[in-house]
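A short write-up of the structure that comes next.
A short reminder: the numbers here are calculations on the coordinates, not readings from a lab. Here the structure is a predicted model, which means the values were calculated and not measured. All Cβ positions, glycine included, derive from the backbone under ideal geometry; neighbour counts span all protein chains shown.
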Amino acid sequence: MDIIVARDDAWGIGKDGELLRRISADMKRFRAMTTGNVLIVGRKTLESFPDGNPLPERVNIVLTKNMEYPAEGVVLCHSLEKLPELLHAYEGKGVFVAGGGSIYRQLLPLCRRAYVTHIHAAFPADTSFPSLDKDPDWILVEKGETQEEKGVKFSFDLYENRRFTGK
Ligand SMILES: NC(=O)c1ccc[n+]([C@@H]2O[C@H](COP(=O)([O-])OP(=O)(O)OC[C@H]3O[C@@H](n4cnc5c(N)ncnc54)[C@H](OP(=O)(O)O)[C@@H]3O)[C@@H](O)[C@H]2O)c1
């Protein structure tokens, strides 16, 4: 299970239920990496998708405590304890934890890699990701080259969880 996230300099990831900045190269990469695979998202992140719909051509596992939440086009998961059992059905597919803040925090220790888009800027944010630079379990293994889109600089970085790699 891996993480995929876009964060700014202060590890902010969202504001008012939205992303901080849409970078089309990042969206394209997200689509390429996750299509055909499994996404795990919180209910609020699902509702932030276009028209609140699941992302197409992917299994969308949605965490919610609401037993009445409509399961249209998604696989509902009502507690983290149920997640391993649910994931059994998708063996062979990549599994990406795709937010938001509460889901990243809870699943971080169970993830092997984190694909982190670093947006080289600081935005007002109300949702954050725990800094992997300050977490001794995580190591930056690839610092992507700096790219620029519409005046915003960003890089695709890769972190690994030492608990898995033993490095
Ligand atoms: N930059 C990025 O890469 C990125 C990616 C994704 C999201 N985001 C941003 O993150 C923000 C949303 O994050 P968030 O933390 O507010 O919300 P969230 O994590 O998307 O969703 C929170 C909801 O998930 C459910 N949930 C959480 N833990 C659960 C558990 N253990 N068992 C069952 N259900 C559980 C609850 O739903 P119920 O209330 O229905 O019970 C909870 O209210 C938005 O601004 C979004 O744009 C950013």
Karplus 3J(HN,Hα) series, Hz, for the stretch 92-106 with 6.51 cos²θ - 1.76 cosθ + 1.60 (x for Gly, Pro): x, 9, x, 10, 10, 7, 10, x, x, x, 5, 6, 4, 4, 6
For THR64, THR35, THR117, order by how many other beta-carbon atoms lie within 10 Å, fewest first: THR35, THR64, THR117
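My understanding is that a pair violates if its Cα-Cα distance is over 20 Å; which of LYS28/LYS150; LYS28/LYS82; LYS82/LYS167; LYS65/LYS134 do that in this structure?
Values: LYS28/LYS150 15 Å; LYS28/LYS82 31 Å; LYS82/LYS167 30 Å; LYS65/LYS134 31 Å.
Where the Cα-Cα span goes over 20 Å, the pairs concerned are LYS28/LYS82; LYS82/LYS167; LYS65/LYS134.
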In sequence order, calculated HN-Hα J values of the stretch 51-67 (Karplus, 6.51, -1.76, 1.60; Hz; x Gly/Pro): 6, x, 8, x, 6, x, 6, 9, 7, 9, 8, 10, 8, 8, 8, 6, 5
With Cα atoms, 0 to 90° folded angle of helix 24-34 axis to the chain main axis: 40 degrees
Measure of compaction for the stretch 2-165 (Cα Rg per 2.2 N^0.38 Å): 1.01
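If I take R0 = 25 Å and measure r between the Cβ atoms of ASP126 and MET27 in this structure, what FRET efficiency does the formula 1/(1 + (r/R0)^6) give, to the nearest 0.05?
On the way: r = 21 Å, r/R0 = 0.86.
Efficiency, rounded to the nearest 0.05: 0.70.
Using Cβ contacts closer than 10 Å as the measure, can you line up SER102, SER24, SER48 from fewest to most?
In order of increasing Cβ crowding within 10 Å: SER24, SER102, SER48.
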